[in-house]
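The values are calculated or read from the model by the stated rules, or taken from the named source; none is laboratory data. Every value quoted in this text rests on a predicted model; they were computed, and no experiment measured them. Quick reminder, even Gly has a Cβ in these numbers, built from the backbone with ideal geometry, and neighbours come from all protein chains shown.
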């Protein structure tokens, strides 16, 4: 078994297993804690609608805060957009997903993906510099923040160097890229990257609680 | 501590400057303090708090919503940082991967020194105003977590001297500011004479139980007359009760759940005794949170009566045409009390009232639900060592108010009002905070008849 076989086979299988069980463990570990009933007379009904509303609208900062948070928002949106495009609109990735779930969708030309990938890495570096230099972010950051940054950027960087090669065999570069994705999947349930699913729970919870008071969500 | 003397001369009500501060209570070892803090933080632990503590992505945006950070630029005032020891303890002791955090030593045990250091962040520099909860991209309600952390801090005996003193007075005497049932009755009778209004005291049966804040009873007693005037004009069957009049809840603000319950139960029992269909809350922000949104949960079942803030009651009365007011020819701006508007959902009520008064209403820039807190809520106004910071933070409020160029500044919270009064004196500021309730009571149309 060479490195590519290992990456595609056991490494990815283990990563997916850890990703799924870890995510479920974390989610149910939280959701199965006690829930207290709220007996206060509600002002507004429609908890589910409110939960869905907040899940959607917290993706957009309220106008009152937009000026103060413009840097965070610009780099945040750009990073997430870049990750979405490079992961889901790169044709070889779409082929991989088709093998996994049986459906495909149109992709973007490789040079567009490469360009978006470069922007994504650039924004990632800007995010890291800000985390290391902004007084607030420096204070509140811990191992999770830096390691999560590392495992997120690694697949983008290993993907970007594939067409450049640096004299390394393409199969080896692909194996490294797949292993970096495996590392990302393994880490995701344990750290802050779990926000990909926790955001639904936290935003939804606040929506449901605050809506019954008729207060601003 | 219960012998602490009140400072009734000051613009804001607290105790006199203690010769020696006791910011730790009880004779506990460091280890016991940590253990108690964590046990009582975790005691109310449920899915909601766990979701919140597990979801923070450390984006730091909450700092930009916090008046303490914005006014000082000090990163320690970042709202989520105020919870750091409790977040640390959650991850290490309760979270789904607690065993991994302990195994790899990723989260250290919280220490007593750490909790003592955090007392300043959890009490002196957080008004539980919830503005940070509106900016969080993960939707984390940070204010509710601070309230939970205070439960732990109280049990650990780590409450600022003055806040503990007034909370203890509230538990022992029934009022944080020394208002006994006799004093309450005397002051009601005084207002009855002064304002020539019939005030109902200790009626056996009534549809409406009106309650007051000690701040009003001691400092703004006209609120009692105004409440009576309006309830009389509405033809309500109503009463004040000397066995359930105190609306403030310093048990809640200091973090003592038992004291919070005892305070709320005095009102609930009095309301049940008179067969009230409604409890009318006074101009007090946290009283609204304590009874309107937490009262039933303290009681353990739905309350057998409605709970309305006086601004909601007035808005309903004016909107339905049961109460009529004269036009007030003034430009007015309104400071939204955080617990009534942003946290309580009654933001529209004062605006409806002002519409009926036909004033030239000028919204504060960024007012309404996103309004800057005045900096006096959450018990902060009582803490003397927090004064300098409180005054600094108030400058944001001054800028907001001055931008409107309104003649009159109104609010519907006596705790905000005493903070405004104190800051007005400190800065020799031109604006005097006035009461929305008083404005309505002074302009009832029946007066013209």
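Here residue A:55 clears all of (1) within 14 Å of chain B (Cβ to nearest Cβ); (2) part of a loop (DSSP other than H, G, I, E, B); (3) touching a helix residue (DSSP H, G or I) at 6+ places or on another chain (Cβ under 7 Å) except the condition numbered (2).
Here residue B:336 qualifies as surrounded by 22 or more Cβ atoms within 10 Å (Cβ to Cβ), within 20 Å of the chain's Cα centre (by Cα) and closer than 24 Å to residue A:66 by Cβ. Within region B:378-393, identify whether any single residue is under 26 Å from residue A:208 (Cα atoms) and either modelled with pLDDT of 95 or more or surrounded by fewer than 16 Cβ atoms within 10 Å (Cβ to Cβ) (or both), and answer yes or no. Yes: one or more hits.
Residues checked against (1) modelled with pLDDT under 95; (2) part of a loop (DSSP other than H, G, I, E, B); (3) buried (at least 24 other Cβ atoms within 10 Å of the Cβ):
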{"position": "B:244", "(1), (2), (3)": "no, yes, yes"}
{"position": "B:267", "(1), (2), (3)": "no, no, yes"}
{"position": "B:287", "(1), (2), (3)": "no, no, yes"}
{"position": "B:291", "(1), (2), (3)": "no, no, yes"}
{"position": "B:296", "(1), (2), (3)": "no, no, no"}
{"position": "B:304", "(1), (2), (3)": "no, yes, no"}
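Only one entry in B:117, B:168, B:162 is assigned to a helix (DSSP H, G or I), under 21 Å from the mean Cα position of the chain (by Cα) and surrounded by fewer than 24 Cβ atoms within 10 Å (Cβ to Cβ), namely B:168. Among the residues making up region B:346-358, those that are farther than 20 Å from residue B:417 by Cα and either surrounded by 24 or more Cβ atoms within 10 Å (Cβ to Cβ) or touching a strand residue (DSSP E or B) at 6+ places or on another chain (Cβ under 8 Å) (or both) are B:355, B:356, B:357. The helices (runs of 4 or more DSSP H) falling completely within region B:20-94 that include 3 or more residues that are away from chain A (no Cβ under 11 Å) and at negative phi map to B:30-43, B:67-72, B:84-89. Residue count for region A:155-201 under the criterion of being part of a helix (DSSP H, G or I) and either within 14 Å of another protein chain (Cβ to nearest Cβ) or within 13 Å of the chain's Cα centre (by Cα) (or both): the result is 17.
For region A:23-47, a residue qualifies if it is touching a helix residue (DSSP H, G or I) at 6+ places or on another chain (Cβ under 7 Å), more than 7 Å from every other protein chain (Cβ to nearest Cβ) and part of a loop (DSSP other than H, G, I, E, B), and the qualifying residues are A:42, A:44, A:46. Check whether at least one residue in region B:361-371 is crowded, with 24+ Cβ neighbours inside 10 Å and more than 14 Å from every other protein chain (Cβ to nearest Cβ), and report yes or no. No, region B:361-371 contains no residue that is crowded, with 24+ Cβ neighbours inside 10 Å and more than 14 Å from every other protein chain (Cβ to nearest Cβ).
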